[in-house]
Structure formats: structure tokens, C-alpha cells
1. Cβ-Cβ distance below 6 Å, separation of 6 or more or different chains: which pairs start in segment 166-191 with a residue that is over 22 Å from Gln96 (Cα atoms) and in contact (Cβ under 8 Å) with a residue 40 or more places away in the chain and end on one that is surrounded by fewer than 20 Cβ atoms within 10 Å (Cβ to Cβ) and small (Gly, Ala, Ser)?
2. With crowded, with 17+ Cβ neighbours inside 10 Å, modelled with pLDDT of 85 or more, within 25 Å of Tyr182 (Cβ to Cβ) and not hydroxyl-bearing (Ser, Thr, Tyr) as the only criterion, which of Gly41, Gly50 stands out?
3. Go through the residues of segment 216-234 one by one and say whether even a single one is open to solvent by 10 Å² or more (accessible area, probe 1.4 Å) and within 14 Å of the chain's Cα centre (by Cα).
4. Taking into account only those residues within segment 21-30 that are assigned to a helix (DSSP H, G or I) and in contact with a helix residue (DSSP H, G or I) (Cβ under 6 Å, 6 or more places away or on another chain), which is surrounded by the most Cβ atoms within 10 Å (Cβ to Cβ)?
5. Of the residues Ile262, Ile246, only one is open to solvent by 20 Å² or more (accessible area, probe 1.4 Å), at pLDDT below 80 and assigned to a helix (DSSP H, G or I); which?
6. On the given criteria, is Ile238 surrounded by fewer than 21 Cβ atoms within 10 Å (Cβ to Cβ) and touching a residue at least 40 places away in the same chain (Cβ under 8 Å)?
7. Would you mind stating whether Ile97 is assigned to a strand (DSSP E or B), out of contact with any Pro (no Cβ under 9 Å at 6 or more places or on another chain) and modelled with pLDDT under 85?
8. Is there a residue in segment 206-214 that is within 25 Å of Arg162 (Cβ to Cβ), touching a Lys or Arg at 6+ places or on another chain (Cβ under 8 Å) and surrounded by fewer than 21 Cβ atoms within 10 Å (Cβ to Cβ)?
Amino acid sequence: MSKLGTLGARLHRGEIGYDFVGKRKIWYGISILITITAIVGLAVRGLNMGIEFEGGAVFTTEKTSISVSQAEDYAEEASGHDAIVQELGNGGLRIQIAGIDTDRSDQIKEELARDLKVDSEQINADLVGPSWGDQVANKAWQGLAIFMVLVVIYLAIAFEWRMAAAALVALIHDITITVGVYALVGFEVTPGTVIGLLTILGYSLYDTVVVFDSLKEQAKDLTKQTRWTYSEVADRSINGTLVRSINTTVVALLPVAGLLFIGGGVLGAGMLNDISLSLFVGLAAGAYSSIFIATPLVADLKEREPQMKALRKRVLAKRAAAAAKGESLEAPVADGPYDDEEPEDAAATPAVVGPRGQRTQPSSRGRGRGRPSGKRR
């Protein structure tokens, strides 16, 4: 088995672990800082809305010797608006001008034909009215709202309302960061961006549900024992699914990184940037939020329940009593092992020869420590 596979197996069995829930205030602080940065970027720079949302025109030319930078200058001079120019595979140009009045398209087309030294009949113009752009934006918001409502309803039914609330906070966290990155980078927002956002919400929700399902299973009859608190069980759930979440995220990020850095950056296919950036940022943010935000937030909410408060008091009282007797019942956290294993029976333990030759069995004191239930086999 590979080292990563061995690590994943040990994490799943609880032999090792990291105290994610115990350090939740650090993760909350990091998330708040990133979110504030995204909101400030959104407020200061704003989003570079595409032609589909603001309306405008797209002019496609035949093969020309004019460079992209020159064409941008000509288009901005003719329209009075910022223009985005991309070189096509056949040597032609795609000139996108957002926010212009469609009535001016013929005038702009004639000026472009003169500056680019091509026949105006060889320039194809596609017009998008601002009302159609408003409809696209409204449909996008409606789709996002419907998705959020369905997610909350499903999680509340399948798990509980606290998990639904935590998942909703994580999803809003992912959307805010992704939109903020778009504002800071200045990439154009198109319908492809909206599709990318909805896609990454599904990935983020998948990782979160995997951890929640493990937590739900391990938290059954939790109040009937006095060895583990809810936060400690939540921590074990994160550690048990950690390698799986990392593998899923890395496998999903690799092809998206190819689209973003090779397709959009090296090959210059700018249209790929619309969806690839939202996928790349959203997948990374979704993996982070499912581990560092959603589950610790559920633990915070559950620890406020009276029965969980009472459980914590019983667990801490039992540990204090054991410590007074010189024993240790501390639940392992961080890098300590979760001692879940014990011999099946006394015959499995080698006998010890006593001082007078008698064969005796080692003391069973300390066996079974670390079990969620105190029942011995």
C-alpha cells in the first residue's frame, strides 16, 4: 500500500488525527479575512460583466494583418467603450464591445471596416440587447436561489437543521470567495461563469455531505457513553474522510487547471477562462469549507444543546477523576493515537511466568481505553 493509502487508513481507523475542531477559531479567522478581502475587491473593482449581461455587439472579421492590440484601439475609438479582442484560428478577429447602443452597431461596423482595411460585408455583427442581458441575470439569480433552498431542505431532512445551516454558510462562503476573485482578477463574467458557480457548489456539497454522513453514523447513541464529546467525534469524522476529500479535490482540479493555465493562458483561448476560473477557485474553496468551516460549525451548534453540554460535563468529570487516581482517560486529539484495538481474549495475550513458576496472565487494566463505548469484548 502507498504511503498516502497507509495514511488514509490510519486516519480512518482513528490511529492518528489532527485537531481540526479544536483549532476552529483559527479557521474561522482565516475565512473571515479571505471573505472580507473578496468583498472589498468586489466593492472597489466590481465585476467585469460580459456582453450577455450588459448588452452590446460582437464583431467577427475575416483574416486580417491587424494585431490584437491595434484592433482594440480601433474598436475603443469607434465605440467609446472598452473592447475585448481575441484572435481566431483562421487569422480573423473577434471584437466584443459591451454596453453600447445596438442602434450604433452599423456605424461602428463601418468604422472598424475602414480601420481594419477589410470590406464591411466581411464583418459579421451579433447584437445583444440589454433587456436580454437582464433576463439572463435574473434567471441566474433564480437558479442559484432555488438550488440553495433545495439544498437546505434536503440536508434538514437527511441529517438535521444544524447541518443544513452549516452547509448553507459554507456554500455562501464559497460563492463569495469565487466572485471576489473574479472582481480582483478582472475576468469577464459570462453565462459560463454562472454554470461554473453552480458546478462548484455541487462539488462543495458532495465533500460536506461525506463528512456529515460519517459524523451522523459515529454520533449515534453518543449521550449513552462518557468517553467522547460531540466535538471529538466530529473531529474523528473529518480525519476519517480527509484523504478521500483531498483525492477527490486534486483529481477534479487537475483538468480544470489544464483549462485555465494551458487553454486560457498558454494557448490564448480566453473563452475558457470564463468557466475554468470559477471552477478552479470554487473547487479549492469548497474543499476548504467542507473541512474547516462546515463540520466545526456543526460542532459549535451541537455543543450548545443541553444534552451535549451535560455530556461534556460528564466526560470532563470522568477524566478529572481518572487523573486524580493517576490514570489517563483523555480522548486523543491532534497527533495522538485513538486506541481502538484490544486483544480479542486473554488467550491471545502471552502468559507471564511468576516468581514461583506460576503462569499468569498480564493485568487487563487499561484495556479498551479509547473506545467510544465502554463495553469490553
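The values are calculated or read from the model by the stated rules, or taken from the named source; none is laboratory data. What you are looking at is a predicted structure, and each value in this text was computed from that prediction instead of being measured. Using ideal geometry, Cβ is built from the backbone for each residue, glycine included, and neighbour counts are taken over all protein chains shown. Each accessible area value is taken on the protein alone, full model and side chains, heavy atoms only, with ligands, DNA and RNA left out. Shrake-Rupley method; radii C 1.70, N 1.55, O 1.52, S 1.80 Å.
1. Close Cβ pairs satisfying both conditions: Gly180/Gly41.
2. After applying the criteria, what remains is Gly41.
3. no
4. Filtering first and then ranking leaves Arg24.
5. Ile262
6. Here the answer is no, as Ile238 does not meet what is asked.
7. Spelling it out, Ile97 is indeed assigned to a strand (DSSP E or B), out of contact with any Pro (no Cβ under 9 Å at 6 or more places or on another chain) and modelled with pLDDT under 85.
8. Taking every residue of segment 206-214 in turn, at least one turns out to be within 25 Å of Arg162 (Cβ to Cβ), touching a Lys or Arg at 6+ places or on another chain (Cβ under 8 Å) and surrounded by fewer than 21 Cβ atoms within 10 Å (Cβ to Cβ).
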